[in-house]
Each structure stands twice: as structure tokens, then as C-alpha cells.
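Accompanying notes for the structure given below.
The values are calculated or read from the model by the stated rules, or taken from the named source; none is laboratory data. This one's a predicted model, so the numbers in the text were calculated from it and none came from an experiment. No Cβ is skipped: glycine too gets one built from the backbone with ideal geometry, and neighbour counts run over all protein chains shown. In case anyone asks, the SASA skips ligands and DNA or RNA and just uses the protein heavy atoms, side chains included. Shrake-Rupley method; radii C 1.70, N 1.55, O 1.52, S 1.80 Å.
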Amino acid sequence: MKKSTDELMKILKNKHSVDDYFAENDSEMFFGTLQEMLEFYRLRNQLSKADVARGSGIKREYCYELLRGDNAKSPSRDKVIMLCFGLNLSVEECQQVLKKSGYAPLYARDTRDSIIIFSIANRISVIKTNIKLSEYALPPLE
């Protein structure tokens, strides 16, 4: 977090709408659960759950379960990353989601993570990312 609470309070007081405040300061916000965070990004990016499922490459039923938070076990790190693709998140937002889900952030010194970071930053699909990973004999996102 880069801004102090006092700075955020001043910004909030000067905004005409709370939506504008969230749009400009979402990286500073605290979310109670992973599902709340995912829902915030989904709504902010005006995506349907079907859009997220398609973009993530996760089976629709399982993706919906993850978005609702009604899955008995936590998603794997790969599934969280795939959700980030589906939600059209930036690298920084993906790092936030990974941290919130209890996983290590993407690490630029790791070959596999580097390919994933590049793909997210350049809006490359999960399918094309997996092709690139296979070119380096690395495990696909699954």
C-alpha cells in the first residue's frame, strides 16, 4: 500500500462518487475475502461470470463455484492465476489476488512465472500462454 489512510480519506472526501474513488484506488483497498475481491474486479471490469470462465479456461461450473466461494477446498495457485486472466487483471492486481488467496506472488526470476507475467501484462490468452510454457517444457496452467 502506497498511500496513507489520511491521504485516502482526503481523496475520498473530494470525489463526486465512491465508484470513482474505488476505480482510482482499488489497489489500496482491503477486501474481506478472496471471493469479495474477485467479485469487485469482475463487476469493475463489467464481465459476466461466463466471460470470466471463457477467459480463464476453467470449466464453467468450477469457475462459478470459485466465484461464489462455495467450493469446499481452496483453488490451486494455477486456478487463481487463470481467474486473473479471466478477470482481465493487471500484473499488480493479479499479485494482490495471489496474496489474498495465500499464494506467493508471481516471481520474475522464475522462468514459468516470467512467462505468465509477460502474458498477463500483454493480455495474452491462457491458451497462448500454455503454448509458450510448453515451448520451454514447463507445466501448463491447469
In Å², nearest 10: area of residue 134 left accessible to a 1.4 Å probe: 70
Multiplying the sequence separation of residue 54 and residue 121 by 0.36 nm and subtracting their Cα-Cα distance, what value in nm do you get? 22.3 nm
Choose one answer from 125, 90, 76: the residue with the largest mean-square fluctuation in a GNM of the chain with alpha-carbon springs under 10 Å. 76
Counting only protein heavy atoms and using a 1.4 Å probe, what share of the accessible area of the chain belongs to carbon plus sulfur, as a whole percent? 53
Inter-site label distance for residue 20 and residue 64 at 7 Å from Cα along Cβ, in nm: 3.8
Under a 10 Å cutoff between Cα atoms, tell me which one of 35, 95, 46 has the largest fluctuation in the Gaussian network model of the chain. 46
Helix-derived mean residue ellipticity, 222 nm - over the chain, DSSP H n ≥ 4, -39500 (n - 2.57), to 500: -17500 deg cm²/dmol
Do any trypsin sites (Lys or Arg not before Pro) in the stretch 33-68 lie in a loop, going by DSSP, with at most 10 other beta-carbon atoms within 10 Å of their beta carbon, and if so which? 59
Hey, got a sec? Which chymotrypsin sites (Phe, Trp or Tyr not before Pro) in the stretch 43-139 land in a DSSP loop and have at most 15 other Cβ atoms within 10 Å? 107, 136
Rank 25, 45, 14 by mean-square fluctuation in a GNM of the chain with C-alpha springs under 10 angstrom and give only the top-ranked residue. 14
Suppose every Lys and Arg Cβ carries +1 and every Asp and Glu Cβ carries -1, with no other charges. What dipole size does the chain come out with about its Cα centre, to the nearest 20 debye? 220
Using the alpha carbon gyration tensor of the chain, what are the three equivalent-ellipsoid semi-axes (square root of 5 times each eigenvalue), largest first, in whole Å? 28, 18, 14
Lysine pairs, Cα distance under 25 Å, 8 or more residues apart or cross-chain: how many in the stretch 1-103? 22
